[in-house]
Every structure is written in C-alpha cells, then in structure tokens.
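First comes the structure, then the notes that go with it.
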Amino acid sequence: MRFLLKTSILISALLFNTACQSKSDNEQQFIAQSKELIKALASDLQHTMKTAVKSGGFEKAISACQNQAPLIKQSHNQTSALEIKRTSLKWRNPNNSPDDWERQVLLAFEEQKRAGVAISKLNHSEVIETDSTLEYRFMKAIPIKSVCLNCHGDESQITSPVAAALKQQYPLDNATQFKAGDIRGAFSVRKTVVH
C-alpha cells in the first residue's frame with residue numbers, strides 16, 4: 001500500500017513538474033516570438049516614417065502615422081499567432097490607450113527608469129491564467145529619440161504646421177511634452193490560449 005501511495009505521489013509530482021516546465025517553455029517561446037514581432041513591426045514603422053518625412057516633412061509623417069501605421073500593425077497581426085500594438089500613458093490615438101495590465105506595466109517601467117534601469121532593458125512578461133484560458137503578455141518599452149521630438153516634443157520643438165496637423169488629425173492628442181530619453185510607451189504583445 002505504501003509503495004502504491006509513494007508511486008502515486010511521485011507520478012503526480014512528475015506530471016506537475018512536466019506541466020510547469022511545459023508552461024515555462026511555452027512562455028519562453030512566446031517571449032522570443034514577441035521580440036521578433038516587435039523588431040519586425042518597429043522596422044516597418046520606422047521605414048514608413050522616414051519615407052514620409054523625406055517626401056513631405058513631419059506633417060506628412062503625421063498622416064502616415066495615422067493612416068499607414070494601423071494597417072502595418074494589422075498586417076503583422078494577420079500573419080502572426082500573436083497580437084501586437086503600441087500603447088502609452090500619453091497616447092495620441094485613443095485606440096492605443098493602455099488596458100489596466102498595460103497601464104501597470106508602463107507605470108512600473110517609469111519607476112525602473114527613475115531607479116536607473118536603461119530603457120532598452122525594460123520589458124515584462126506574464127502569464128495570466130483563468131479557468132478557461134492562458135493569456136501570455138509581453139511588453140517592451142519604446143524610448144523617445146531626438147527625431148521623435150519634432151512631433152512629440154514641446155512647443156519649442158513642434159513647428160506650427162506640425163502642431164496644426166496634429167490638432168486636425170488627433171484632436172484628443174496628449175502625446176507631446178516628451179524629452180529625449182523619456183519612455184514614449186511600449187510595444188504590447190498578447191496570445192490567448194483556450195484550455
């Protein structure tokens with residue numbers, strides 16, 4: 001009887017460890033896939049912005065950001081098993097406002113930055129489990145670069161034509177007053193698995 005009980009406990013422990021290992025492996029795979037997706041989306045967005053600025057200045061970049069960026073994001077979402085977006089505490093487009101989980105992570109990123117952590121090192125992953133789903137979440141902070149201040153800086157950095165274009169195309173905009181070295185926001189990736 002003791003042998004059967006010990007064997008049963010051992011099998012239960014092995015199954016539990018295997019399930020935990022599998023969950024951990026799945027999370028690591030999700031993180032790796034998220035980083036690749038972020039890299040691809042960031043590259044496509046940067047190329048689109050640079051092309052727009054070269055062809056028509058920062059006013060044209062605002063139009064490209066409003067019209068082309070959502071299509072680029074949608075294209076990546078359609079070709080991936082993951083869902084990606086950009087979000088920020090100071091969003092320009094209300095469609096990019098953070099959900100509660102994203103808001104908490106963004107606030108934590110700000111605290112870590114104040115504590116001296118480099119923005120390039122700021123990322124966070126979590127697995128949120130409910131009765132019916134596993135939701136894998138990953139965020140990576142986006143730094144403000146000097147060029148970004150042409151559309152996201154203060155009144156001394158944003159020209160009148162750019163300010164007018166922002167007001168026209170983003171009437172609810174609150175994504176200005178950034179300084180070089182600030183956190184612009186983050187890429188946010190999720191995958192939901194029904195179990």
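The values are calculated or read from the model by the stated rules, or taken from the named source; none is laboratory data. Given the structure is predicted, the values throughout are model-derived calculations rather than measurements. Positions of Cβ are backbone-derived with ideal geometry, glycine not excepted, and every protein chain shown enters the neighbour counts.
Points worth noting:
- Those helices (runs of 4 or more DSSP H) of the stretch 94-172 in which at least 3 residues are aliphatic (A, V, I, L, M), considering only elements entirely within it, cover 100-114, 160-169.
- Only a single criterion out of (1) in contact with a Lys or Arg (Cβ under 7 Å, 6 or more places away or on another chain); (2) within 23 Å of Lys121 (Cα to Cα); (3) exposed (fewer than 15 other Cβ atoms within 10 Å of the Cβ) is not satisfied by Asn174, namely (2).
- Among the residues listed as Lys90, Lys145, the single one being at pLDDT 95 or above and of a type in the set (Lys, Arg): Lys90
- Being part of a strand (DSSP E or B) and at pLDDT below 95 is a description that does not apply to Val189.
- Some residue of the stretch 48-60 being under 26 Å from Lys191 (Cβ atoms) and free of Cβ contacts under 8 Å to residues at least 60 places away in the same chain: yes
- In this entry, Ser75 is excluded by the filter for residues that are surrounded by fewer than 16 Cβ atoms within 10 Å (Cβ to Cβ), in a helix (DSSP H, G or I) and either over 18 Å from the mean Cα position of the chain (by Cα) or at positive phi (or both).
- For the stretch 124-135, the tally of residues that are of a type outside the set (Gly, Ala, Ser) and in contact (Cβ under 8 Å) with a residue 60 or more places away in the chain stands at 3.
- Any hit, the stretch 107-114, residues being of a type in the set (Phe, Trp, Tyr), within 20 Å of Leu41 (Cβ to Cβ), buried (at least 18 other Cβ atoms within 10 Å of the Cβ) and out of contact with any Lys or Arg (no Cβ under 9 Å at 6 or more places or on another chain): yes
- Residue check: Cys65 meets all listed conditions (1) modelled with pLDDT under 95; (2) among the hydrophobic types (A, V, I, L, M, F, W, C); (3) surrounded by fewer than 17 Cβ atoms within 10 Å (Cβ to Cβ) but one, namely (3).
- In this structure, Arg86 does satisfy being in contact with a Gly (Cβ under 7 Å, 6 or more places away or on another chain) and not hydroxyl-bearing (Ser, Thr, Tyr).
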